[in-house]
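Input: a single structure, listed below in structure tokens.
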Amino acid sequence: MPRTRPAGWVLRGVVSAHVAAIIGQPVFAGVYLTGDFDGLRWHALGADVVTSVGYLQLIVAIVAWVRLRRAWPFLATLAVVAAETVQYFAGLEGTLWLHVPLGVMTVAALVVQFVEVWRRPLSARPRTRGEARDA
């Protein structure tokens with residue numbers, strides 16, 4: 001029975017932290033939109049946290065790709081981080097026609113990724129005949 005390897009557990013932890021951070025963003029935006037201007041400060045701080053955790057997740061996904069020989073966590077993370085980066089700068093520029101729908105899509109994509117990393121064991125993929133053995 002395959003078991004989740006340490007690289008998989010680290011990836012799960014970082015994805016979980018990323019989801020926890022991003023879930024606060026619509027809440028802070030809603031607080032601001034109801035007239036509490038401190039909500040905008042919290043939303044901006046949250047954007048910095050979400051973006052930082054996203055880049056950390058990208059590094060962890062690279063490690064998982066190397067250690068577990070699974071590319072999908074890296075590719076999924078790359079897509080989320082690219083969207084978050086566009087989202088971040090759209091928010092700074094006040095381009096709400098892009099910032100709001102991209103934010104919704106980014107939250108949804110990250111929640112799907114969260115479910116996927118916890119759904120089954122993150123074990124190393126078996127080597128193919130052409131792959132070299134570790135020394």
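Results, tabulated for the structure shown:
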| quantity | calculated |
| --- | --- |
| Accessible surface, the chain, averaged per residue in Å² (probe 1.4 Å) | 62 Å² |
| Cα-Cα P(r), the chain, percent of pairs per 5 Å interval | 2, 11, 19, 21, 15, 11, 8, 6, 4, 2, 1, 0, 0 |
| Centre separation in Å (Cα based) which lies between region 85-131 and region 1-28 | 11 Å |
| Karplus-derived 3J(HN,Hα), 6.51/-1.76/1.60, for each residue of region 46-62, Hz, glycine and proline x | x, 4, 5, 5, 4, 5, 5, 5, x, 5, 5, 4, 4, 5, 5, 5, 5 |
| For Asp36, residues with placed amide H under 5 Å, excluding near neighbours | none |
| Mean Cα-pair separation over length for region 25-135, i.e. relative contact order, pairs under 8 Å, 6 or more apart, % | 20 percent |
| Per-residue ³J(HN,Hα) for region 14-21, Karplus 6.51 cos²θ - 1.76 cosθ + 1.60, θ = phi - 60°, Hz, x for Gly and Pro | 5, 4, 5, 5, 5, 5, 4, 5 |
| Per-residue ³J(HN,Hα) for region 86-100, Karplus 6.51 cos²θ - 1.76 cosθ + 1.60, θ = phi - 60°, Hz, x for Gly and Pro | 4, 4, 4, 6, 5, x, 4, 7, x, 7, 5, 4, 9, 4, 5 |
| Accessible carbon and sulfur surface of the chain relative to its total accessible area, %, 1.4 Å | 71 percent |
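The values are calculated or read from the model by the stated rules, or taken from the named source; none is laboratory data. What you see is a predicted model, and the numbers here were worked out from it, not measured in a lab. These accessible areas exclude ligands, DNA and RNA; they are computed on the full protein's heavy atoms, side chains included. Shrake-Rupley method; radii C 1.70, N 1.55, O 1.52, S 1.80 Å.
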